[in-house]
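The block underneath contains the structure these notes are about, expressed in structure tokens.
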Number of protein chains: 2
Amino acid sequence: VEAIESDPVFSRENQYFQTQNERYEAAVRKAVHLQKKMHEMGWTENGPEFKYIYRALSGDVAFLLHRIFMRSISVLGSEKQIAKWIPLATQYQLIGSYAQTELGHGTYLQGLETTAVFDITTQEFILNTPKISAVKWWPGDMGRSATHTVVFAQLYVHGKCYGMHPFIVQIRSLQDHSLCPGIIAGDIGPKMNFEHIDNGYLMLQNVRVPRENMLNGFCEVQPDGTYIRRGSQQINYFTMTTVRISLISDEVVIPLMKACTIAIRYSVVRRQSKLKPGEQEAKILDYQTQQDKLLPQLAAAYAFHFINDYLQELLDRGYREIQRKNFDTLPELHAFSSGFKAMVTQYCTSAVEICLRACGGHGYSLLSGLPSLYTKILASCIYEGENTILLLQTARFLMKCFTAASTGQPVPPSVTYLAVGEAGKCPAKNKLDFLCPDIYTKAYQHMAVRLISSTAAKLQDLIQSGVKKYDAWNQCTVQLAQAAKAHCHYITVKNFAVTVEKLQTKAGIQKIMKHLCDLFALHGIFSNAGVFLHDGYISGAQMDMVTASYLDLLAVIRKDAVPLVDAFDFTDKSLNSALGSYDGQVYQRLYEWAQKSPTNKQISPAYEKYLKPLLHNMLSKL
Amino acid sequence: VEAIESDPVFSRENQYFQTQNERYEAAVRKAVHLQKKMHEMGWTENGPEFKYIYRALSGDVAFLLHRIFMRSISVLGSEKQIAKWIPLATQYQLIGSYAQTELGHGTYLQGLETTAVFDITTQEFILNTPKISAVKWWPGDMGRSATHTVVFAQLYVHGKCYGMHPFIVQIRSLQDHSLCPGIIAGDIGPKMNFEHIDNGYLMLQNVRVPRENMLNGFCEVQPDGTYIRRGSQQINYFTMTTVRISLISDEVVIPLMKACTIAIRYSVVRRQSKLKPGEQEAKILDYQTQQDKLLPQLAAAYAFHFINDYLQELLDRGYREIQRKNFDTLPELHAFSSGFKAMVTQYCTSAVEICLRACGGHGYSLLSGLPSLYTKILASCIYEGENTILLLQTARFLMKCFTAASTGQPVPPSVTYLAVGEAGKCPAKNKLDFLCPDIYTKAYQHMAVRLISSTAAKLQDLIQSGVKKYDAWNQCTVQLAQAAKAHCHYITVKNFAVTVEKLQTKAGIQKIMKHLCDLFALHGIFSNAGVFLHDGYISGAQMDMVTASYLDLLAVIRKDAVPLVDAFDFTDKSLNSALGSYDGQVYQRLYEWAQKSPTNKQISPAYEKYLKPLLHNMLSKL
């Protein structure tokens, strides 16, 4: 991290003042410089350093899609294709991208409209963009950088459609970077964030690529047009699963940790109003309302950090099975990665927004660092699968498991709880009982089971009353999504409690982690009270105990709030925030940073052109 | 609107591509041009046209603070001061700003640190910024445009502090716009939105202004230093009240209406997956989950449109009383404007974000128009009083009224409901009963009374158990804020129901408005189930009826969704959205607009500088 941060090329100092063009150029410069640096330092793309490099750069670098380009060839290509393309890519003799999403289609891949028709006479595929909605849209690195890309298109042989397949297509000349014949490509313009990435568009007009350019690790079109499929299609899911799980840490939990660090540090510098008459104005973190805003987000950052470990372990175990050709864990892995991607990105996006708003006007300034964290994390709700659709995929898995569990069939370990009959009532008798992980974990479990079983019952009823299956499903989707979220919430709470228990040897850490776990769980009950009260599992009187315990915890955790964010160990450079620096010099830094703004460096032509004539009463001459 | 939109100077066509400097220059140009136009058309600043002008410009114009400058002189100045300054301002012989907020203080005005010391020998006030946290920060039009500003400072005479007072201070030369002696001012740099406004900072170093520059409509420092206060201080609250109510329509409800228009129009163009096997892909608005996202926001836009009318009427009535020197309505007006400002801005900000997310990747592009609506409405949660503090002011009023009502004393008409004893149980027997406004309005009323009374009881208990009053208050603030929101939510639902009832003569409109009112109310119960279930007023079985009725309504309103947003009557130019145009040509427009991006107009220097050497394998030479 030091090696990166001390290098001026990697500085993010002026980032908040830069235009999209400037951000792009800086990102390319950094990416190229990084190659040089990695070579010097002996770091490799797959080495342990890369995670830290990425973190130190805050992802603000070009050619990230180049990695996806390489990964898709490694996974979907044949050995021959891998041998040909991977060395070229590794040595940057080409720059790759990955062209899947179209103007008209995102998450629903089967609907993609780009076509690839096999021409038996020339042994080529002819790629086309048949209509405006089929234009490739959003691929990173494609707007201005990439020379090659993997295009996903509907394969046609002898007039028959064989579905989506990946093709390597060269889009720009390796000599002068001009667009290749039949290629129309460019940048899609400004977005809420990712100004450093040249998300692009691509139209294909009778672009011909040789037969060898279809990635054929799992299928092939033979010279005579015979189509052969081999191996399991399911492995495609595994790639998506991996990506969804890996983004939770880098793109979601880390931004939330940064936002918590900034907002909590600022809240012990900022003073506002008097808490006690006659005293100095109070630090805003001493107000219950500010604690209620920020401390649950801090607890959530830890909760999701631990769930990420849990998911990684699940993934590693699944991968070992897959290597043994056992694909049994795939449905569970797919359901988990979908549901948690949706639940965690949604939760953390709201959490970052709460941190931003909790800093008032200064949070709204780009110099606080919070707006860019928010606009970046917001994108995670959308990319790699739209969250609602992902939750419904998890719900489909849960419905299957619930049916299986109800009829005594075996289910994956994570959902065996569905087989447990509904317990009666929550046994808590006073507010301290709600600091017992067993009590609240059971409440979450009960709630998840109830939402899953009642939705399953509604679905069943509708179908039995004659509603068509797909109609019945659509009529239950709001509740299905809710059930899937409840499942993920339960697993997160349970995993947090289990993690805390394992910290036995570190009593000090265990104690504070226990507080955070309690807070995360009780805040969840407090703010989703309806689903716990609904069938009386928790009574109104018990909900008052939850509220009391929750509010007590805020005051307890307040004391450790600053050390808890310091523990995330972000450097000032990595936070890049005028509000969040370690030394707490908020106002001085805001003032100094504002001086660097281009709005202060340039004398605006607006004065001579408009203000002067106006003030000098020459309105009529304008 | 036509006169504005047809004028190329007012075009917002390239807005999404502009830098902060370009946005500022365009806003100044528009403001100056607008003066000319208004002169030509015979429009006046206070005329009925101004609302439409502002709407047509989407607020994207400079000198808005000039109006606040004038208003503060009109309200706080003496007749002599008004006679001197208002004509100068009206003729733009100066450009005004309004300098209240400081780096270290926002909503808590008493904490402002700028000082104004009366110098009896020269009959001047000497203004100073004693420390970094006292630098004025955020005032609009001040960074680069204003020549004068109203500075709020702590008044000192003979060493005694008399609290906050307003002073007219010249900051830039009227000849060449250079900063006046002792003035350090500039732009505060980039923000999430409002790039067109030069929000500024201001440091004062022994700046002297004549005694006549203290606005002295309500108080005066006489030549010998005698301080005289006259008139009611309460009138200051009335100005804030007016501003908070007026921003609800222009800055909050209109952006939400725009967001709904864009998202709903896009959702009937966008198709995704198949709802029924074998059929064409379905419009995404036909999915229950998409309806659940968007239709409650549409209903909320109408609900808040009507509550705005209600607040305006309350304000007008209050103003008539004030003119008769009756200030009795001020506390109620202040409580209402605070609570509704907080509740409506928060609700609508979430609603716009939901609209943005519901448009997937394309919503995330600035070209959709949604990001700028979101970043703009987000600011409304912060300016004109931080929302949590405002809610607590409303709560303080409610606590007083509750105590009064409990002891049989008279209370303002809007809170007489607090005197009603708690009803037993909700009488609804089936899901159709929940389409009865009386049933759901009563449920909201019961819920508000319960939250207010239980919080009052907790506060009372704490104080009786020996906790100091201010500590007890702080320990209840999370629940107090919740109670204030519940009150505003109840009034909104009730007002919607009353408004629908008055539409009797227009049966068609009444019918659809009734659906929207039901949807708004039931969605509120569905998504805040806990507060209704808590004491069993609504049972779990009844909550299932609410859910069923709510989901049924989604399918009903789906049919009218497009006409309901068309009724908001925004022109394509005013929406400025590639997704939301009336003709539905979403993909074509995204493609065409992207072509205009500067990222496509300029050949990036990054190729020659970085990409070419990399691709041509000259890494070592970099």
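The values are calculated or read from the model by the stated rules, or taken from the named source; none is laboratory data. Remember, it's a predicted structure, so these values are computed and weren't measured experimentally. Please note: Cβ atoms are built from the backbone with ideal geometry, for glycine as well, and neighbour counts cover all protein chains shown. Ligands, DNA and RNA are excluded from the accessible area calculation, which covers all protein heavy atoms including side chains. Shrake-Rupley method; radii C 1.70, N 1.55, O 1.52, S 1.80 Å.
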Requested in this report: Can you give me the ranges of the strands (runs of 3 or more DSSP E) entirely in region B:103-217 with at least 1 residues that are at pLDDT below 95?
Outcome: B:160-170
Requested in this report: For A:THR599, work out the one condition from (1) more than 9 Å from chain B (Cβ to nearest Cβ); (2) in contact with a helix residue (DSSP H, G or I) (Cβ under 6 Å, 6 or more places away or on another chain); (3) surrounded by 22 or more Cβ atoms within 10 Å (Cβ to Cβ) it doesn't fulfil.
Outcome: (1)
Query raised in the report: Is it true that some residue in region A:363-370 is within 27 Å of A:GLY106 (Cβ to Cβ), buried (at least 24 other Cβ atoms within 10 Å of the Cβ), within 14 Å of chain B (Cβ to nearest Cβ) and within 21 Å of the chain's Cα centre (by Cα)?
Result: no
Query raised in the report: Can you find even one residue in region B:564-574 that is of a type outside the set (D, E, K, R), open to solvent by 20 Å² or more (accessible area, probe 1.4 Å) and part of a helix (DSSP H, G or I)?
Result: no
Query - Qualifying positions in region A:283-336 - open to solvent by less than 10 Å² (accessible area, probe 1.4 Å) and within 14 Å of chain B (Cβ to nearest Cβ) - result: A:LEU285, A:LEU294, A:LEU295, A:PRO296
Query raised in the report: Of all residues in region A:428-484, how many are over 29 Å from the mean Cα position of the chain (by Cα), of a type in the set (S, T, N, Q) and within 11 Å of chain B (Cβ to nearest Cβ)?
Result: 1
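Taking the residues in region B:164-183 that are within 30 Å of the chain's Cα centre (by Cα) and open to solvent by 10 Å² or more (accessible area, probe 1.4 Å) as candidates, determine which candidate is nearest to the other protein chains (Cβ to nearest Cβ). Step through it out loud before you land on a result.
If we filter region B:164-183 for residues that are within 30 Å of the chain's Cα centre (by Cα), which is where we start, we get B:164-171.
Now narrow it down to the ones that are open to solvent by 10 Å² or more (accessible area, probe 1.4 Å): B:164, B:166, B:170.
Details: B:MET164: 15, B:PRO166: 20, B:GLN170: 12 Å.
By that ranking, first place goes to B:GLN170.
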**Report entry** Given (1) assigned to a loop (DSSP other than H, G, I, E, B); (2) open to solvent by less than 40 Å² (accessible area, probe 1.4 Å); (3) touching a helix residue (DSSP H, G or I) at 6+ places or on another chain (Cβ under 8 Å), number of the condition A:GLY47 does not satisfy
**Finding:** (3)
Report summary line: Sole miss for B:MET203 among (1) in contact with a Cys (Cβ under 7 Å, 6 or more places away or on another chain); (2) within 14 Å of another protein chain (Cβ to nearest Cβ); (3) touching a residue at least 40 places away in the same chain (Cβ under 8 Å); (4) not aromatic (Phe, Trp, Tyr) is condition (1)
Query - Some residue of region B:221-233 being over 28 Å from B:GLY385 (Cβ atoms), crowded, with 16+ Cβ neighbours inside 10 Å and modelled with pLDDT of 90 or more - result: yes
Report summary line: Residue count, region B:134-156, condition under 13 Å from B:ASN213 (Cβ atoms) and within 14 Å of chain A (Cβ to nearest Cβ), comes to 1
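Could you tell me which of the residues B:VAL546, B:VAL531 is more than 25 Å from A:GLN170 (Cα to Cα), among the β-branched types (Val, Ile, Thr) and out of contact with any Phe, Trp or Tyr (no Cβ under 9 Å at 6 or more places or on another chain)?
Numbers: B:VAL546 fails: out of contact with any Phe, Trp or Tyr (no Cβ under 9 Å at 6 or more places or on another chain).
So the residue among B:VAL546, B:VAL531 that is more than 25 Å from A:GLN170 (Cα to Cα), among the β-branched types (Val, Ile, Thr) and out of contact with any Phe, Trp or Tyr (no Cβ under 9 Å at 6 or more places or on another chain) is B:VAL531.
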**Report entry** Within region A:184-212, considering residues that are of a type in the set (A, V, I, L, M, F, W, C) and open to solvent by 30 Å² or more (accessible area, probe 1.4 Å), the one nearest to A:PHE152 (Cα to Cα)
**Finding:** A:MET203
Requested in this report: Identify the residue in region B:375-419 that is of a type in the set (Gly, Ala, Ser) and in contact (Cβ under 8 Å) with a residue 60 or more places away in the chain and, among all such residues, is surrounded by the fewest Cβ atoms within 10 Å (Cβ to Cβ).
Outcome: B:SER414
**Report entry** Where B:SER604 falls short, out of the listed (1) out of contact with any Phe, Trp or Tyr (no Cβ under 6 Å at 6 or more places or on another chain); (2) of a type in the set (Gly, Ala, Ser); (3) in a loop (DSSP other than H, G, I, E, B); (4) at pLDDT 95 or above
**Finding:** (4)
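From the list A:VAL498, A:VAL493, exactly one residue is in the same structural domain as A:PRO296 (by the TED database) and surrounded by 17 or more Cβ atoms within 10 Å (Cβ to Cβ). Which is it? Walk me through it before giving the result.
Details: A:VAL498 fails: surrounded by 17 or more Cβ atoms within 10 Å (Cβ to Cβ).
From the options A:VAL498, A:VAL493, the qualifying one is A:VAL493.
Picking from A:GLN510, A:GLN542, which residue would you name as being under 34 Å from the mean Cα position of the chain (by Cα) and in the same structural domain as A:CYS355 (by the TED database)? Quick ask: steps written out before the conclusion?
Working: A:GLN542 fails: under 34 Å from the mean Cα position of the chain (by Cα).
So the residue among A:GLN510, A:GLN542 that is under 34 Å from the mean Cα position of the chain (by Cα) and in the same structural domain as A:CYS355 (by the TED database) is A:GLN510.
To keep it simple, each residue is scored yes or no on (1) touching a residue at least 60 places away in the same chain (Cβ under 8 Å); (2) within 24 Å of A:ARG230 (Cα to Cα); (3) assigned to a loop (DSSP other than H, G, I, E, B); (4) not assigned by the TED database to the domain that holds A:GLY140.
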{"site": "A:PHE69", "(1), (2), (3), (4)": "yes, yes, no, yes"}
{"site": "A:ILE73", "(1), (2), (3), (4)": "yes, yes, no, yes"}
{"site": "A:ILE82", "(1), (2), (3), (4)": "no, yes, no, yes"}
{"site": "A:ILE86", "(1), (2), (3), (4)": "no, yes, no, yes"}
{"site": "A:ALA89", "(1), (2), (3), (4)": "no, no, no, yes"}
Report task. Within region A:27-53, work out how many residues are at the interface with another protein chain (Cβ under 9 Å from one of its Cβ atoms), of a type outside the set (D, E, K, R) and either closer than 26 Å to A:LYS596 by Cβ or touching a strand residue (DSSP E or B) at 6+ places or on another chain (Cβ under 8 Å) (or both). Result -> 5
Query - Boolean, B:GLN280 is out of contact with any strand residue (DSSP E or B) (no Cβ under 6 Å at 6 or more places or on another chain), closer than 30 Å to B:TYR587 by Cβ and in contact (Cβ under 8 Å) with a residue 40 or more places away in the chain - result: no
Report task. Using the structure shown, decide if B:TYR550 is surrounded by 23 or more Cβ atoms within 10 Å (Cβ to Cβ), within 14 Å of another protein chain (Cβ to nearest Cβ) and more than 23 Å from A:MET543 (Cα to Cα). Result -> yes
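Using the structure shown, decide if A:GLY424 is on the phi > 0 side of the Ramachandran plot and surrounded by fewer than 16 Cβ atoms within 10 Å (Cβ to Cβ).
Taking the combined requirement at face value, the residue does not satisfy it.
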Report summary line: Flagged in region A:294-351 as more than 20 Å from A:GLU384 (Cβ to Cβ), charged (D, E, K, R) and in contact with an Asp or Glu (Cβ under 8 Å, 6 or more places away or on another chain), in numbering order, are A:GLU321, A:ASP328
Query - One residue from B:ASP316, B:ASP286 being assigned by the TED database to the domain that holds B:PHE336 and either of a type in the set (Phe, Trp, Tyr) or closer than 23 Å to B:LEU247 by Cβ (or both) - result: B:ASP316
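Is there a residue in region A:573-589 that is out of contact with any Cys (no Cβ under 9 Å at 6 or more places or on another chain) and facing chain B (nearest Cβ under 7 Å)?
To start, the set of residues in region A:573-589 that are out of contact with any Cys (no Cβ under 9 Å at 6 or more places or on another chain) comprises A:573-578, A:580-589.
Remaining after also requiring facing chain B (nearest Cβ under 7 Å): A:587-588.
So far as region A:573-589 goes, yes, one or more of its residues are out of contact with any Cys (no Cβ under 9 Å at 6 or more places or on another chain) and facing chain B (nearest Cβ under 7 Å).
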Query raised in the report: In region B:253-269, what residues are surrounded by fewer than 24 Cβ atoms within 10 Å (Cβ to Cβ) and within 13 Å of chain A (Cβ to nearest Cβ)?
Result: B:VAL269
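Is it the case that some residue within region A:441-450 is more than 24 Å from B:ALA541 (Cα to Cα) and modelled with pLDDT of 95 or more? Full working, then the answer.
The first filter runs over region A:441-450 and keeps only residues more than 24 Å from B:ALA541 (Cα to Cα), leaving A:441.
Imposing the further condition that a residue be modelled with pLDDT of 95 or more reduces the set to A:441.
The answer is yes; a qualifying residue exists.
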